[in-house]
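Chemist: Questions regarding the structure given below will be posed in turn.
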Amino acid sequence: DSSRKRIIPIATYSNSADKNTRHTLVIFNVGYGSKNTDYSYLAQNLSIHDYFVVVIQHDLATDEALPQTGDIYKLRKPFWGRGVNSIFYVTGQLKQQYPILDYGRIILMGHSNGGDMVMLIAKEYPDFAKVVITLDNRRVPFPRADHPKIFSIRSGDQPADPGVLPSPEEQEKYHIKIVKVNTIHNDMGGMGTEAQKAEI
C-alpha cells in the first residue's frame, strides 16, 4: 500500500485457475505474530469447497509490539484500525485483479487479534461483509445486530473480556452462533495437531 508505505503480505488459495469463476471471497486475518501461510489447513479446506481465500498477515518485523498491559481496548484499537485499512486495501486490489469474485457476499474470518479486526469491521462497517467468523477474538465486543451474520469458535482455555460475548438471549435474538471447542487458543493456528485442526 504505497499511500501508507506499508507491505501487506498475503497468500491466496483457489481450487480453480479460471479467473472467470464467480467464487465467494473469504478474507482470513491471522493472529498476532502469525504468518500468512500459518493457517493453510483452513484456507486449503475452504478452497476445496470452491471459496476464493485470501490470507492477510498484519504484523511486520518492523512494527512496534502489540500492547499487553493497560487499557487493552484503547491501546490496541490503532493496531486494529491499521488492520482494517489493510483489509480494505487488499479488497480494492482484488477487485482490480479478480473482478468476477462475489464482493456482495464477502466472508471475513480471523483468529485472535485478527478476529478482533474483523469484529471491528462488523461493528463499524456492517455492510462490508455478509458473514463474520472468528476463532477466539477476545477484545472487540460482538455487535448486537442482525447484520452481518456472526459465527464464533471459542477455545478451551482463554476467556473473552467482559462484555465481548453476547448473552444467550442476545445470541438467540440476533441469530449469533457460538461454539466452544476443546482446542486451546494458540493451537487454532498452524501449530495444532491434526485432531485439533479437524475439530476447528
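Chemist: Does the stretch 44-163 classify as rounded, prolate or oblate by the C-alpha gyration tensor (a ≥ b ≥ c root eigenvalues; a/c under 1.5 gives rounded; else a/b over b/c gives prolate, otherwise oblate)?
Modeler: Here the stretch 44-163 falls in the prolate category.
Chemist: Per residue of the stretch 182-192, in order, report the coupling 6.51 cos²θ - 1.76 cosθ + 1.60 (Karplus, θ = phi - 60°) as ³J(HN,Hα) in whole Hz, putting x for Gly and Pro.
Modeler: 3J(HN,Hα) across the stretch 182-192, in whole Hz: 7, 4, 7, 3, 6, 8, 6, x, x, 7, x.
Chemist: For THR62, THR183, write out the residues from largest to smallest accessible area, computed with a 1.4 angstrom probe and no ligands counted.
Modeler: THR62, THR183
Chemist: What is the gain in length, in nm to one decimal, between SER167 and ALA145 on full extension, counting 0.36 nm per residue of separation less the C-alpha to C-alpha distance?
Modeler: Using 0.36 nm per residue and subtracting the Cα-Cα distance, I get 6.6 nm.
Chemist: Taking just the alpha-carbon atoms of the stretch 23-79, what radius of gyration and Dmax come out, in angstrom?
Modeler: Over the stretch 23-79's Cα set, Rg and Dmax evaluate to 14.4, 43 Å.
Chemist: Ordered by packing density, taken as the mean number of other Cβ atoms within 10 Å over each peptide's residues, highest first, how do 159-169, 136-146 rank?
Modeler: 136-146, 159-169
Chemist: Could you work out how much longer the chain between ASP50 and GLU64 gets when fully extended? Use 0.36 nm per residue separation minus the Cα distance between them, nm to one decimal.
Modeler: Going from the current span to full extension adds 1.3 nm.
Chemist: Still on this structure, please answer the following. Consider just the alpha-carbon atoms of the chain and return their Rg together with their Dmax, both in angstrom.
Modeler: 16.1, 49
Chemist: So which aspartates and glutamates pass the test for LYS95, namely a Cα distance under 19 Å, with those fewer than 8 places away in the same chain ruled out?
Modeler: LYS95 reaches ASP1, ASP18, ASP50, ASP127.
Chemist: Provide ASP38, ASP71, ASP102 ordered by accessible surface of protein heavy atoms (probe 1.4 Å), highest first.
Modeler: ASP71, ASP38, ASP102
Chemist: Accessible area of SER3, 1.4 Å probe, to the nearest 10 Å²?
Modeler: Per-residue accessible area (SER3): approximately 100 Å².
Chemist: So what's the back-of-envelope 222 nm ellipticity for the chain, counting only DSSP H runs of four-plus at -39500 (n - 2.57) apiece and dividing by all residues, rounded to 500?
Modeler: Mean residue ellipticity at 222 nm (helix-derived): -9500 deg cm²/dmol.
The values are calculated or read from the model by the stated rules, or taken from the named source; none is laboratory data. Keep in mind the model is a prediction, meaning the values are calculated, not measured. Here the Cβ is made from the backbone with ideal geometry for all residues, glycine too, and neighbour counts use every protein chain on show. Each accessible area value is taken on the protein alone, full model and side chains, heavy atoms only, with ligands, DNA and RNA left out. Shrake-Rupley method; radii C 1.70, N 1.55, O 1.52, S 1.80 Å.
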